[in-house]
Structure formats: structure tokens, C-alpha cells
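Asks: After the C-alpha cells below, expect a handful of questions from me.
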Amino acid sequence: MDRFERQVILPGFGPEGQGKLKQSSVLVIGAGGLGCPVLLYLAAAGVGKIGVVDGDVVSLSNLNRQVLFGEKDLRKNKAETAVRYFQDKYSDIQWEIFPEFITVENAQELILGYDLVIDGSDNFPTRYLVNDACVLMEKPLVFGAIYQHEGQVSVFNHGPNSCNYRDLYPQMPSAKEIPNCSETGVLGVLPGIIGNLMALESIKVLSGFGKPLKNKVLFFNSLTSQTYEVEISANSDSKSSIPETWKDFEQMDYELACEGIKQLSWNEAMKLMGHDVAFVDVREPGELPPLECTGLMKVPFSTLSSQLDRFEDAEEVLFFCQSGIRSQKAAQQLQQVYPDKKIFSIRGGINALKS
């Protein structure tokens with residue numbers, strides 16, 4: 001008995017649909033709350049080749065929604081850990097691991113070898129970056145996002161006259177509009193629902209079975225269990241905002257354009273240590289793990305606005321927090337007061353710092 005028997009006997013899907021999945025390849029951006037259920041069901045469905053892109057590591061607060069991971073996986077890279085989980089389950093899938101974040105420098109190389117891209121990221125710069133790369137490469141893109149009690153799913157750039165993410169959201173949000181997940185919260189089941197819908201849309205696109213959410217966005221409310229759809233049409237601002245060439249794309253700074261501040265990785269930040277740079281922990285007292293190093297300043301975000309004069313003599317300032325959200329807001333706040341200073345946020349915060 002074949003493990004895909006129940007799919008193959010489904011009217012309209014059959015051996016042809018299963019064969020298309022087997023010959024297909026998918027690149028999943030993010031192995032977090034959305035990426036975990038996406039990976040679970042694409043692997044179970046029999047997609048032939050799956051790549052996983054994620055430079056983050058597993059933290060304890062992830063475990064209520066990132067169902068591929070457990071306590072023994074803390075501090076491990078998400079992409080590597082997710083693929084290792086599946087390699088023990090399915091031997092007929094070709095896996096590719098990319099333990100890094102997608103950037104303008106690596107996007108073309110990462111996306112090139114795949115039929116479909118799935119965006120399970122949790123930040124706006126990545127969403128716009130992935131969208132623009134897929135438009136340039138003419139790759140279909142399955143998109144999903146969550147906020148508190150609501151989730152949304154859509155299929156972009158799929159076939160002729162297809163809309164993209166910028167048609168839905170032409171304007172990049174400012175740093176003030178970026179929600180703090182530690183403040184808003186989420187029930188772990190919501191990204192599970194949205195991730196499964198993303199997997200379903202991906203299977204439709206790859207197999208030709210059913211009708212994908214092309215030029216539509218499906219919204220789901222977890223409080224009422226209601227869904228509704230919104231039609232998307234082409235937006236004139238969309239086309240003018242997307243880079244026309246790869247050269248233009250590689251010169252884009254999506255983090256700066258979207259959030260108003262520049263983000264650095266820990267490796268990049270460490271290279272600046274000892275170069276007259278203010279290294280600032282904006283976590284609140286008692287947040288773990290502690291970090292001690294020469295020249296470290298501890299300025300809780302809750303008191304930052306009253307201590308801005310402490311940075312008057314610093315030429316460069318690097319902020320970090322637990323997850324990278326408060327540090328972005330801190331950098332944006334300081335930049336308004338000192339527009340000529342070089343101010344950075346460390347991407348992913350302490351959660352991204354490998355032990």
C-alpha cells in the first residue's frame with residue numbers, strides 16, 4: 001500500500017496530481033509558527049523537494065506554536081532542526097537546509113531552484129523582499145500572516161494578471177506600526193490553522209487541483225471562527241515600488257525602508273565591539289539570559305525616553321533586546337532625537353544569539 005493512497009483515490013486528484021507534487025519543489029521562508037504546519041503537511045503530501053530558510057534559533061517562548069520543536073531543541077537553528085525531524089520520517093523527500101536569513105544578497109540564489117515560494121516570515125521587511133524577488137523571478141508566492149486573533153492567506157504572482165503583496169499593501173509600515181508579539185500575544189492554534197491553509201494553497205498551485213486564492217485574500221478570525229474573502233486588484237503604486245532589475249533589488253535596504261532603522265546580525269555587531277560604539281541592552285531587569293561584556297549599557301526600554309541624553313556623545317549605537325522588536329523601536333526613537341548618528345538594532349535579539 002502506497003502512503004499516498006488516500007490522496008490518489010480522491011476524485012480529480014489521482015495519480016496525476018500526486019505525480020505533480022512529487023516533481024515539484026518548494027522553498028519555505030521561515031520555520032516558525034507558520035512554517036512548521038506548512039512543512040508538516042507538504043512533507044506528508046509528498047512534495048519532492050523542500051528547502052527551508054531560517055537563521056533563527058529555537059527559544060522557549062516559541063514552543064506554544066512551533067510544533068516541530070521541543071525543550072531539547074532550545075538554542076538550535078530552526079531550519080536544521082526542522083529538516084532533521086523530517087529526515088527521520090520520510091526518506092523520499094529531497095531536503096535543502098539554509099540556516100540563514102533571506103537577504104537581497106542571497107535571495108536570487110535561494111529562490112532560483114524552486115517552483116514555488118512560501119512566505120512564513122514574521123516581519124514586514126522580509127515580506128516585501130520576498131515578494132519583490134518572486135516578482136522579478138516570476139515565481140508564485142503563497143503568503144500567510146497572523147496578528148492576535150486574525151490570520152490571512154493569499155496566493156501572489158501566480159499566472160497571468162496576478163497580483164502581488166504590494167497590490168494588497170502598497171505602503172511599507174513605519175516602525176511605530178510594527179506590533180510587538182510579546183505585547184499582543186497569540187494562541188498557538190491560530191498559526192497552525194493559517195499554516196495549514198497555506199499548505200493547502202501550495203498543493204493547489206503545484207498539482208493544479210482546485211482553485212487557488214489568486215487575487216483574493218482569505219481572512220480568518222479565531223474568536224468567531226468566521227472567514228471572509230477580499231478581492232485584490234492591481235495597484236498603480238505597486239509596480240513603481242518594485243525594483244526593475246536585480247541590480248536595483250540588491251541595492252535595496254528593506255529594513256531601512258520599512259522600519260526606518262538598520263539591522264545587524266550578531267556577527268556583524270560583534271565586529272564593531274571595541275570601536276567606540278555604544279552597545280545597549282534595552283531588556284527589562286530580570287530578563288534572561290543575562291549578557292555581560294565590556295562597555296555594555298543597560299537601559300530598559302520602559303525608561304529609555306528619559307535617558308536619551310546618555311547617548312549624546314556616542315557616534316554609533318547598537319540596541320538589542322530579547323527578540324529584536326523593542327530594539328527596533330528604541331533605535332527608531334533615538335534616531336528621531338539624533339538623526340545624524342549611526343543607530344542599529346540587532347536582528348532577532350538574544351533569541352538569535354547562539355550559545
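Asks: Checking the conditions here, which among V230, V205, V217 is part of a strand (DSSP E or B) and surrounded by 15 or more Cβ atoms within 10 Å (Cβ to Cβ)? Spell out how you get there, then give the answer.
Replies: Details: V230 fails: surrounded by 15 or more Cβ atoms within 10 Å (Cβ to Cβ); V205 fails: part of a strand (DSSP E or B).
Testing whether each residue is part of a strand (DSSP E or B) and surrounded by 15 or more Cβ atoms within 10 Å (Cβ to Cβ) leaves just V217.
Asks: Based on this model, can you work out whether F344 counts as more than 22 Å from D54 (Cα to Cα), in a strand (DSSP E or B), not β-branched (V, I, T) and not assigned by TED's automatic domain parsing to the domain that holds A107?
Replies: Numbers: more than 22 Å from D54 (Cα to Cα): no; in a strand (DSSP E or B): yes; not β-branched (V, I, T): yes; not assigned by TED's automatic domain parsing to the domain that holds A107: yes.
Taking the combined requirement at face value, the residue does not satisfy it.
Asks: Could you tell me how many of the residues in region 323-339 are part of a loop (DSSP other than H, G, I, E, B) and at pLDDT 85 or above?
Replies: Narrowing region 323-339 to residues part of a loop (DSSP other than H, G, I, E, B): 323-324, 338-339.
Narrowing further to those that are at pLDDT 85 or above: 338-339.
Residues in region 323-339 being part of a loop (DSSP other than H, G, I, E, B) and at pLDDT 85 or above: 2 in total.
Asks: Just checking, does region 2-11 include any residue being among the aliphatic types (A, V, I, L, M) and more than 20 Å from N196 (Cβ to Cβ)? Give the steps one after another, and end with the answer.
Replies: Initially, region 2-11 is screened for residues among the aliphatic types (A, V, I, L, M), giving 8-10.
With more than 20 Å from N196 (Cβ to Cβ) added as a condition, the list becomes 8-9.
The answer is yes; a qualifying residue exists.
Asks: Another question about this same structure. Within region 267-278, which residues are in contact (Cβ under 8 Å) with a residue 40 or more places away in the chain and not aliphatic (A, V, I, L, M)?
Replies: Start the filter on region 267-278 by keeping residues that are in contact (Cβ under 8 Å) with a residue 40 or more places away in the chain, which leaves 269, 272, 275-278.
H275, D276, listed by residue number.
Asks: Also, quick follow-up: What residue, among those in region 79-120 that are surrounded by 20 or more Cβ atoms within 10 Å (Cβ to Cβ) and in contact with a Pro (Cβ under 8 Å, 6 or more places away or on another chain), is nearest to K247 (Cα to Cα)?
Replies: Going through the qualifying residues, I end up with V117.
Asks: Please enumerate the residues belonging to region 70-81 that are touching a helix residue (DSSP H, G or I) at 6+ places or on another chain (Cβ under 6 Å) and within 28 Å of K22 (Cα to Cα).
Replies: T81
Asks: Additional query: Could you pull out every one of the helices (runs of 4 or more DSSP H) wholly within region 14-104 that has 2 or more residues that are of a type in the set (A, V, I, L, M, F, W, C)? Steps first, answer last, please.
Replies: Numbers: elements: 14-22, 35-45, 78-87.
In region 14-104, 35-45, 78-87 are the helices (runs of 4 or more DSSP H) which contain 2 or more residues that are of a type in the set (A, V, I, L, M, F, W, C).
Asks: Look through region 235-287, keep the residues that are on the phi > 0 side of the Ramachandran plot and small (G, A, S), and return whichever of them is nearest to the chain's Cα centre (by Cα). Can you show your working first?
Replies: Let us first name the residues in region 235-287 that are on the phi > 0 side of the Ramachandran plot, namely 260, 274, 276, 286.
Among the residues that remain, those that are also small (G, A, S) are: 260, 274, 286.
Working: G260: 18, G274: 32, G286: 28 Å.
Only one residue tops the list, namely G260.
This table checks each residue for (1) among the β-branched types (V, I, T); (2) at pLDDT below 95.
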residue: E16; (1), (2): no, no
residue: S24; (1), (2): no, no
residue: V38; (1), (2): yes, no
residue: V47; (1), (2): yes, no
residue: L63; (1), (2): no, yes
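Asks: Still on this structure, I have one more. Please work out which one of (1) farther than 25 Å from Y114 by Cα; (2) of a type in the set (A, V, I, L, M); (3) touching a strand residue (DSSP E or B) at 6+ places or on another chain (Cβ under 8 Å) is the condition M270 fails and give its number.
Replies: (3)
Asks: Further question on the same structure: Hey, among G32, G17, G48, G12, which residue is in contact with a strand residue (DSSP E or B) (Cβ under 7 Å, 6 or more places away or on another chain), under 24 Å from S154 (Cα atoms) and in contact (Cβ under 8 Å) with a residue 12 or more places away in the chain? Don't jump to the end; show me each part of the working.
Replies: Details: G32 fails: in contact with a strand residue (DSSP E or B) (Cβ under 7 Å, 6 or more places away or on another chain); G17 fails: in contact with a strand residue (DSSP E or B) (Cβ under 7 Å, 6 or more places away or on another chain); G12 fails: in contact with a strand residue (DSSP E or B) (Cβ under 7 Å, 6 or more places away or on another chain).
Answer to the check: G48.
Asks: Hey, another quick one. In region 288-318, which residues are within 26 Å of the chain's Cα centre (by Cα), surrounded by 11 or more Cβ atoms within 10 Å (Cβ to Cβ) and without any contact (Cβ under 8 Å) to a residue 40 or more places away in the chain?
Replies: Hit for region 288-318 is F301, nothing else.
Asks: Given (1) surrounded by fewer than 19 Cβ atoms within 10 Å (Cβ to Cβ); (2) more than 21 Å from V52 (Cβ to Cβ); (3) at pLDDT 95 or above, identify the lone condition not met by C163.
Replies: C163 satisfies all of (1) surrounded by fewer than 19 Cβ atoms within 10 Å (Cβ to Cβ); (2) more than 21 Å from V52 (Cβ to Cβ); (3) at pLDDT 95 or above except (1).
Asks: Another question, then. Tell me yes or no: at least one residue of region 171-189 is surrounded by 22 or more Cβ atoms within 10 Å (Cβ to Cβ), touching a residue at least 12 places away in the same chain (Cβ under 8 Å) and either within 19 Å of the chain's Cα centre (by Cα) or not assigned by TED's automatic domain parsing to the domain that holds L40 (or both).
Replies: Scanning region 171-189, I find no residue that is surrounded by 22 or more Cβ atoms within 10 Å (Cβ to Cβ), touching a residue at least 12 places away in the same chain (Cβ under 8 Å) and either within 19 Å of the chain's Cα centre (by Cα) or not assigned by TED's automatic domain parsing to the domain that holds L40 (or both), so the answer is no.
Asks: So the check is Cβ under 6 Å with 6+ separation or different chains; which pairs have a first residue in region 135-147 that's of a type in the set (A, V, I, L, M, F, W, C) and a second one that's at pLDDT below 95?
Replies: Note: pairs meeting the criteria are V135/I242.
Asks: Condition check: under 15 Å from the mean Cα position of the chain (by Cα) and modelled with pLDDT under 95. Does R75 satisfy that? So that I can check it myself, show each step before the final result.
Replies: Working: under 15 Å from the mean Cα position of the chain (by Cα): no; modelled with pLDDT under 95: yes.
Against the criterion (under 15 Å from the mean Cα position of the chain (by Cα) and modelled with pLDDT under 95), R75 does not qualify.
Asks: Find the residue count for region 233-257, including only residues that are of a type in the set (A, V, I, L, M, F, W, C), outside any loop (DSSP other than H, G, I, E, B) and modelled with pLDDT of 85 or more. Before you say what the answer is, go through the steps one by one.
Replies: At the first step, the residues of region 233-257 found to be of a type in the set (A, V, I, L, M, F, W, C) are 234, 242, 246, 249, 252, 256-257.
Still in the running and outside any loop (DSSP other than H, G, I, E, B): 246, 249, 256-257.
Still in the running and modelled with pLDDT of 85 or more: 246, 249.
Of the residues in that region, 2 qualify.
Asks: Which residues, taken from region 85-95, are touching a Phe, Trp or Tyr at 6+ places or on another chain (Cβ under 9 Å) and of a type outside the set (S, T, Y)?
Replies: Kept after step one, since they are touching a Phe, Trp or Tyr at 6+ places or on another chain (Cβ under 9 Å), are these residues of region 85-95: 85-87, 93, 95.
Listed by number, the residues that qualify are F86, Q87, I93, W95.
Asks: I'm told D276 meets every condition in (1) within 24 Å of D56 (Cα to Cα); (2) surrounded by fewer than 13 Cβ atoms within 10 Å (Cβ to Cβ); (3) not small (G, A, S) except one. Can you identify the failing condition by its number?
Replies: (1)
The values are calculated or read from the model by the stated rules, or taken from the named source; none is laboratory data. From a predicted model like this one, the values you see are computed outputs, not experimental measurements. We place every Cβ from the backbone using ideal geometry, glycine too, and count neighbours over all the protein chains shown.
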